[in-house]
Amino acid sequence: GIIPLAPSLDCCGPIARDAADLSIMWSALTGAPPARNADPGALRVAAPRAFHDIGELDPEVERALDELMTMLTGAGATRIDADLPHLKEWDRPRGLPLMVEALIVHQEAGWYPDRVSDYDPATVDAFRYAENLPPERLADAYKALEGLTARLLSVFNSADVLVLPVTPVAAPTHQ
């Protein structure tokens, strides 16, 4: 029931309060037994040398990540400094396929251009840009994404876990 944005980039999954709840949810969704707690002493945990090396983060987010790494290494996990792409390196190559794929999704649903007045002007501008994007620029963007993805995934050649922020800003509080 999720409306896709960019099918090759979209990723959906369970969201929970903590890892224990995710384990229960994953078990319910897949039929697999709940995950066992891993021995932190056996984990190889990759993270950037400093979290701000990959992009600008709210101090609260960076502090939480540093505290997590201190907790994991204090429990015996081995920290591995990961050389990761800066978040800005993903912007341009991710943005082009996102616009084109979103355009296709909205065209196939019959929403664009038939209901163009229902869209925010920035979305219409993005769709119009995507309509005129030369195919070779899109191909170059996918190639750049493949390289960035390979660089990111190469971390798992020497690590079991990669610690990164989900978002650079702290979650808003519920009032």
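The values are calculated or read from the model by the stated rules, or taken from the named source; none is laboratory data. Source: prediction; values computed, not measured. Here Cβ is always computed from backbone atoms with ideal geometry, including for glycine, and neighbour counts include all displayed protein chains. Calculation scope for accessible area: heavy atoms of the full protein, side chains included, ligands and nucleic acids excluded. Shrake-Rupley method; radii C 1.70, N 1.55, O 1.52, S 1.80 Å.
The figures follow:
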| item | result |
| --- | --- |
| Output for the range 153-163, where each listed residue is modelled with pLDDT of 95 or more and outside any loop (DSSP other than H, G, I, E, B) | Leu153, Ser154, Val155, Phe156, Asn157, Leu162 |
| The one condition in (1) without any contact (Cβ under 8 Å) to a residue 24 or more places away in the chain; (2) of a type in the set (A, V, I, L, M, F, W, C); (3) in a helix (DSSP H, G or I) that Val166 fails to fulfil | (3) |
| Test set (1) open to solvent by less than 60 Å² (accessible area, probe 1.4 Å); (2) of a type outside the set (Gly, Ala, Ser); (3) under 26 Å from Trp90 (Cβ atoms) - Pro40 fails condition number | (3) |
| Some residue of the range 87-99 being within 30 Å of Leu133 (Cβ to Cβ), of a type outside the set (D, E, K, R) and open to solvent by 60 Å² or more (accessible area, probe 1.4 Å) | yes |
| Qualifying positions in the range 119-166 - of a type in the set (S, T, N, Q) and farther than 29 Å from Ala42 by Cβ | Thr123, Asn132 |
| Residue ranges of helices (runs of 4 or more DSSP H) in the range 16-133 with at least 1 members in contact with a strand residue (DSSP E or B) (Cβ under 7 Å, 6 or more places away or on another chain) and more than 22 Å from Thr167 (Cα to Cα) | 59-74 |
| Residue check, Leu5 touching a residue at least 60 places away in the same chain (Cβ under 8 Å) and part of a helix (DSSP H, G or I) | no |
| Options Met25, Met69: the member that is more than 30 Å from Val105 (Cα to Cα), more than 18 Å from the chain's Cα centre (by Cα) and either modelled with pLDDT under 95 or open to solvent by less than 60 Å² (accessible area, probe 1.4 Å) (or both) | Met69 |
| Residue satisfying all of: in the range 138-161; more than 24 Å from Val100 (Cβ to Cβ) and over 17 Å from the mean Cα position of the chain (by Cα); surrounded by the most Cβ atoms within 10 Å (Cβ to Cβ) among these | Ala159 |
| Search result, residues across the range 8-22 that are farther than 30 Å from Met99 by Cβ, of a type in the set (D, E, K, R) and surrounded by 11 or more Cβ atoms within 10 Å (Cβ to Cβ) | Asp21 |
| Pro134 open to solvent by less than 80 Å² (accessible area, probe 1.4 Å) and in contact (Cβ under 8 Å) with a residue 60 or more places away in the chain | no |
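Each row is one residue, and each column tells you yes or no for (1) closer than 28 Å to Ser8 by Cα; (2) modelled with pLDDT under 95; (3) in contact with a Phe, Trp or Tyr (Cβ under 7 Å, 6 or more places away or on another chain).
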| site | (1), (2), (3) |
| --- | --- |
| Asp39 | no, yes, no |
| Asp83 | yes, yes, no |
| His86 | yes, yes, no |
| Asp114 | yes, no, no |
